[in-house]
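Data block below; observations after.
The values are calculated or read from the model by the stated rules, or taken from the named source; none is laboratory data. Keep in mind that this is a model prediction, so the values were computed, not measured. All Cβ positions, even for glycine, are placed from backbone atoms using ideal geometry, and neighbour counts span all protein chains on display.
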Amino acid sequence: MTPKPNSAKKEPSSGKRPGSGTKLEKISDLSRKELKERARKFSGKFCVGDGDGFELKKYRTDPDIDLGPEDKPLMQQTLKTGVAALAELQDKLYAHDRWSLLLIFQAMDAAGKDGAIKHVMSGINPQGCQVTSFKAPNPEELDHDYLWRCQKQLPERGRIGIFNRSYYEEVLVVRVHENILHAQKLPENLVTKDIWKDRYKDIRNFEKYLYHNGTKVIKFFLNVSKEEQKKRFIERIDNPDKNWKFSSADTKERVFWKDYMKAYEEMIRETSTKESPWYVVPADNKSFARIVIVSAVIDALVGMKLSYPEVSDDKLAELQEIKKALLSEKH
C-alpha cells in the first residue's frame, strides 16, 4: 500500500511524524520480555499521552511505510504472536484480581472498529472479557446523565471491558449535531457556551476516578481517511455479504467530515492524559491498525505489573497431600 498523494502531513517539531520510521519485523522468535518491550516502543509511536498542543493533521491515516501483498503473511504472524502474548497477560489480570482494563474505540464509520475488536481479542478467554456497543440513547438512558449507561457496563476487577463507541459520542456526534443536545432534557440554564469544556472536564475527572480505583482506560481513535472510507462503503455495496452493514445514514455524515475532524481533534487534545491516553491509529490499513492496537493493550497490561497470587506453604503442602491421595486411588 503506497501513501496517497494527499496524505502528506505537516511535520511535528521533532521533525518526525508520529509513527514514522516504523518497520515490520519478524517477532515470533522473540522472548516474552523482548516482545513486551517491542510492544511498548511500537505503540508509543501512536500514543498521544498528554493532549496539550495535539494536532490531528500531524498524524497519518496510512502507515508511513509501503506495504504490499508480500507483507500480509508477516503482519498476520505479528498479530498472531501479539494475540498469544495478550492472552497470557489477560490470564494474569484475571488471577491478579486487582486491576481492570477498559478499551474505548471511537472512529468514523467503516474505520474498522468491529474487525479490530474481533481480531485483537480473538485469543482472550470470554470469561474475562466483555464488549458493549453503544447506539443512540433510548428513553430510559436519556432520563439519566450521559455517563450513566456507560458506568453500568464498566469491567469488574480482573476483566477487560471494550466499549465500541462510548460517552465520547457526547462530544462528537452531539457536538456536530447540536439539535441532539437540545433533545436531552437538560435544564436550559445548563446548556451554555461552556458545555463542551464542562464535558471534557467531567470526562477527565471520571477517567481519573476510575484509574484511582483500579480501572485503566486506554482509548483508540481509528484514523481513517475520507477516501478510504468511500472505498469501503463501495465495497459494502458491491459485496452482497456486506450489504447489511451499509446504511444511507452513513454517507450523509460524510458531509460533516471537517466538523467531525475538528471535534475529534479537540476531544483528544482535552481528554488525553498520561494515565488515560488516546492512541491515534492509522486505519487505512486494517492489518497494520490491529498490530498497533494489540501492542498498546499489551503495554497497558505490562504496566500493571501483574502476577499470579502467591500460594502459602500450608496451601502447597495441602496440594501435595491431595495429589498423593489422587495417585493412590485404586481403579
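Tabulated values for the structure
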quantity: Filtered residues of the range 35-59 (kept if of a type outside the set (Phe, Trp, Tyr), in a loop (DSSP other than H, G, I, E, B) and under 12 Å from Tyr279 (Cα atoms)); calculated: Lys45, Val48, Gly49, Asp50, Gly51
quantity: Qualifying residue in the range 78-96 (condition: acidic (Asp, Glu) and either more than 29 Å from Arg254 (Cβ to Cβ) or at pLDDT below 95 (or both)); calculated: yes
quantity: Flag if Gly68 is among the small types (Gly, Ala, Ser), modelled with pLDDT of 85 or more and either out of contact with any Leu (no Cβ under 9 Å at 6 or more places or on another chain) or closer than 30 Å to Asn125 by Cβ (or both); calculated: no
quantity: Residues that are over 22 Å from Gln76 (Cβ atoms) and within 17 Å of the chain's Cα centre (by Cα), drawn from the range 270-300; calculated: Thr271, Ser272, Thr273, Lys274, Glu275, Ser276, Pro277, Trp278, Val280, Ala300
quantity: Criterion violated by Thr251 - all others in (1) outside any helix (DSSP H, G or I); (2) more than 21 Å from Glu141 (Cβ to Cβ); (3) at pLDDT below 95 satisfied; calculated: (1)
quantity: Filter result (surrounded by 14 or more Cβ atoms within 10 Å (Cβ to Cβ) and more than 16 Å from the chain's Cα centre (by Cα)) within the range 258-269; calculated: Asp259, Tyr260, Met261, Lys262, Ala263, Glu265, Glu266, Arg269
quantity: Number of positions in the range 202-228 that are under 22 Å from Lys152 (Cβ atoms), of a type in the set (Lys, Arg) and assigned to a helix (DSSP H, G or I); calculated: 2
quantity: Qualifying residue in the range 272-286 (condition: crowded, with 17+ Cβ neighbours inside 10 Å and in a helix (DSSP H, G or I)); calculated: yes
quantity: Matching option when the condition is more than 17 Å from Leu102 (Cβ to Cβ) and in contact (Cβ under 8 Å) with a residue 40 or more places away in the chain, among Ala300, Ala317, Ala296, Ala283; calculated: Ala283
quantity: Verdict on Glu265 being modelled with pLDDT of 95 or more, outside any loop (DSSP other than H, G, I, E, B) and acidic (Asp, Glu); calculated: yes
quantity: From Leu89, Leu102, Leu147, residue being within 16 Å of Val217 (Cβ to Cβ) and in contact with a Leu (Cβ under 9 Å, 6 or more places away or on another chain); calculated: Leu102
quantity: The one condition in (1) farther than 17 Å from Glu55 by Cβ; (2) polar (S, T, N, Q); (3) touching a Leu at 6+ places or on another chain (Cβ under 9 Å); (4) modelled with pLDDT of 95 or more that Gln229 fails to fulfil; calculated: (3)
quantity: Number of the condition not met by Ala116 [criteria: (1) farther than 23 Å from Trp257 by Cα; (2) buried (at least 19 other Cβ atoms within 10 Å of the Cβ)]; calculated: (1)
quantity: Boolean, Ser247 is buried (at least 18 other Cβ atoms within 10 Å of the Cβ) and either in contact with an Asp or Glu (Cβ under 8 Å, 6 or more places away or on another chain) or of a type in the set (S, T, N, Q) (or both); calculated: no
quantity: Subset of the range 167-182 (residues that are in contact with a Leu (Cβ under 9 Å, 6 or more places away or on another chain) and touching a residue at least 12 places away in the same chain (Cβ under 8 Å)); calculated: Tyr167, Glu170, Arg175
